[in-house]
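For reference, the structure discussed in these notes is given below.
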Amino acid sequence: MNFIFLGAPGAGKGTQAALLSEKLGIPHISTGEMLREELKKGTPLGEKVRAFMAKGELVPDQVILEVMKERLEEKDCKGGFILDGFPRTLVQAENLDALLEEINKRIDRVVKIKVSNDTVIKRLSARLVCLQCGADYNLETRPPRQAGICDLCGGVLEQRIDDREDVILNRLQVYEKQTQPLESYYRKQGKLVEINGEKDKDLVLQEILNSLSKG
Ligand code: AP5
């Protein structure tokens, strides 16, 4: 099956997409992770998107569409995939539909994870990530054993450039304005399921799995 995970920043898309990916054995494709990797390597693409990401703005549709076209044509997507953070605008959604049609694929299910803005701010301002291996920590729910140090690889933990409170607030506004319209786009296609993302992550996963078994 081919999935899209939709939801505000911090809703838990990445967390749930990773869990489902492991469960179903299909790739988890996060555009945010792909772009952060380019930033880390200092590639021309990374330089092009740096300022947008630091401000919590979306990178231009054309840039992301080129990256995704290549990624979706890779071999590991043959048996299904989970898209996390893409599409994020109507232009991206329409182009994705056209691209998938060309390669004889379609989106089967769009999982919208719902959380309140208060939860988003609380989660994201407490998040730290490892600069070396990318592991995710949260000072509220999953603190590292030693402050500032990754349990897994000993790397240094840092706040994401877009997890400052002013940038989180902008990301929420960008979501409401540019990404929320996708909910009705996919509802009209009969593909949208809405999941309560406020619960513990294992309970959220269970709710997602239950929704899939309902067909
Ligand atoms: P991206 O990386 O996609 O950021 P985002 O959507 O803002 O997603 P987050 O990673 O912040 O949140 P999430 O919903 O994945 O939650 P997570 O599971 O991580 O994009 C970053 C930037 O890249 C964009 O702003 C834009 O500039 C650019 N970009 C990316 N895609 C683009 C596109 N298609 N078009 C244009 N630009 C694009 O969880 C968050 C925290 O909460 C973690 O600490 C986690 O441990 C914790 N948590 C998760 N679930 C729970 C739970 N159930 N209970 C308690 N804590 C939880």
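Quick notes on this one:
- When all protein chains stay in place and ligands, DNA and RNA are ignored, the 1.4 Å accessible-area order of Glu66, Glu47, Glu207, largest first, is Glu66, Glu47, Glu207.
- Computing Rg and the Kirkwood Rh from the Cα coordinates of region 104-186 gives a ratio, Rg/Rh, of 1.08.
- Relative contact order (%) - the chain, alpha-carbon pairs under 8 angstrom, separation at least six: 29
- Each listed q (0.11, 0.24 Å⁻¹) maps to a log10 I(q)/I(0) for region 1-97 from the Debye sum over equal C-alpha point scatterers, namely -0.31, -1.43.
- Looking at the chain, the accessible area is 53 square angstrom per residue; that uses a 1.4 Å probe and ignores ligands, DNA and RNA.
- Measuring against 27 Å, Cα to Cα, the residue pairs Lys41/Lys201; Lys48/Lys78; Lys13/Lys188; Lys48/Lys188 contain Lys41/Lys201; Lys48/Lys78; Lys48/Lys188 as the ones spanning a longer distance.
- Taking a Cβ cut-off of under 10 Å around Leu192, the surrounding Lys, Arg, Asp and Glu residues balance to a net charge of +3, with basic ones at +1 and acidic ones at -1.
- Region 38-181, dipole about Cα centre (Lys/Arg Cβ +1, Asp/Glu Cβ -1), debye to the nearest 20: 340
- Springs join every pair of Cα atoms under 10 Å in this Gaussian network model of the chain, and among Arg109, Arg127, Arg71 the largest mean-square fluctuation is at Arg71.
- Of all DSSP bridge pairs formed entirely within the chain, close to 30 percent run antiparallel.
- With N counted as the residues of the chain, its alpha-carbon radius of gyration over 2.2 N^0.38 Å works out to 0.99.
- Proximal charge balance of Ala54 [Cβ under 15 Å; K/R count +1, D/E count -1]: 0
- Measuring only protein heavy atoms, the 1.4 Å probe finds Tyr186 accessible over about 0 Å².
- Rounded to the nearest angstrom and listed largest first, the equivalent-ellipsoid semi-axes of region 1-48 from its Cα gyration tensor are 24, 13, 9.
- Cα gyration tensor category, rounded, prolate or oblate, for region 140-215 with a/c compared to 1.5: oblate
- Candidates Thr15, Thr43, Thr31: whichever shows maximal mean-square fluctuation once the chain is modelled as a Gaussian network with Cα springs under 10 Å: Thr43
The values are calculated or read from the model by the stated rules, or taken from the named source; none is laboratory data. Not measured: the values here are computed from a predicted model. All Cβ positions, even for glycine, are placed from backbone atoms using ideal geometry, and neighbour counts span all protein chains on display. All accessible areas refer to the heavy atoms of the entire protein, side chains included, with ligands and DNA or RNA removed. Shrake-Rupley method; radii C 1.70, N 1.55, O 1.52, S 1.80 Å.
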